[in-house]
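K.L.:
Questions regarding the structure given below will be posed in turn.
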Amino acid sequence: MRKAALKAGIIEELSSANLLLCLEPEGASIQCRNDAEEGLRNQMVKSSVVMVLDCGGGTVDITVHKLKCEPEEQFVCDELLPSSGGCEWGSKFVDHHFEMFLNEFFGPELSESYYKNATARLDILKHFEMLKRKFNVGVKSRLQLSYMNEELSGPMLKKIVAAYNAEKPKEQQLNQKGASGVELPESLMKSFFSPLFEKIEAKVGELL
């Protein structure tokens, strides 16, 4: 990285003090401490041990640090456990479980159309991203499927909603909203997140 910075003209010599490199988990520890509320920051005293969970799109990286500084001092830490975690625990894998639901809901023929229509698929995933970010207990998640255009008409949607609901208990059933929308029950939305949460909780327990 220093050689690249030198070549790019960012620094004038390889050992320049004007370039400071920081490992991402250490940067996360610094950010957490500096942006923490005062009550939390005051708990991050010298010799305390902190666990940093960096939950990204693809991975969840977990690092354990021992602080060697007081809250008001320049940040210094020791890495007690190296960064670990999972490469399939990030938020994009919530999308994976959502698409598994779509495969079941659409059935083979419509699922094939969904994957062939790259624009519609992208638009549906972008819409789900919005639902995913604002999802919480009591929040209704209305999925818009109009992006499928004539491949999924109102009467056809009504038919596949009925077929899906026929095999599900009441709390997991969908409600059609208009000609091209469905309301996803809370239990279904939770099911997209649960496999990831379970892996993260198990890993944290193991590290503790």
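K.L.:
Where residues in region 2-30 are of a type in the set (Asp, Glu) and touching a residue at least 24 places away in the same chain (Cβ under 8 Å), which of them is surrounded by the fewest Cβ atoms within 10 Å (Cβ to Cβ)?
P.N.:
Glu24
One line per residue, one yes/no per condition, for (1) closer than 19 Å to Asn165 by Cα; (2) among the polar types (S, T, N, Q); (3) assigned to a helix (DSSP H, G or I):
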| residue | (1), (2), (3) |
| --- | --- |
| Phe93 | no, no, yes |
| His96 | no, no, yes |
| Leu102 | yes, no, yes |
| Phe106 | yes, no, yes |
| Thr119 | no, yes, yes |
| Asp123 | no, no, yes |
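K.L.:
Let me ask another. Residues in region 189-206 that are over 18 Å from Leu125 (Cβ atoms), aliphatic (A, V, I, L, M) and touching a strand residue (DSSP E or B) at 6+ places or on another chain (Cβ under 6 Å): how many?
P.N.:
Residues in region 189-206 being over 18 Å from Leu125 (Cβ atoms), aliphatic (A, V, I, L, M) and touching a strand residue (DSSP E or B) at 6+ places or on another chain (Cβ under 6 Å): 1 in total.
K.L.:
Moving on. Confirm whether Glu99 is modelled with pLDDT under 95 and of a type in the set (D, E, K, R).
P.N.:
no
K.L.:
Out of Ala17, Ala8, I need the residue that is at pLDDT 95 or above and over 19 Å from Pro82 (Cα atoms). Which one?
P.N.:
Ala8
K.L.:
I would also like to ask the following. Return the residue satisfying two criteria in turn: it lies in region 31-73 and is surrounded by fewer than 15 Cβ atoms within 10 Å (Cβ to Cβ) and among the β-branched types (Val, Ile, Thr), and of such residues it is farthest from Gly90 (Cα to Cα).
P.N.:
Val45
K.L.:
Of the numbered conditions (1) of a type outside the set (Phe, Trp, Tyr); (2) closer than 16 Å to Ser180 by Cβ; (3) surrounded by fewer than 18 Cβ atoms within 10 Å (Cβ to Cβ), Met100 satisfies every one except a single condition; which is it?
P.N.:
Unmet for Met100, out of (1) of a type outside the set (Phe, Trp, Tyr); (2) closer than 16 Å to Ser180 by Cβ; (3) surrounded by fewer than 18 Cβ atoms within 10 Å (Cβ to Cβ): (2).
The values are calculated or read from the model by the stated rules, or taken from the named source; none is laboratory data. All values reported here derive from a predicted model rather than from experimental measurement. Every residue, glycine as well, gets a Cβ built from its backbone with ideal geometry; the counts of neighbours run over all protein chains shown.
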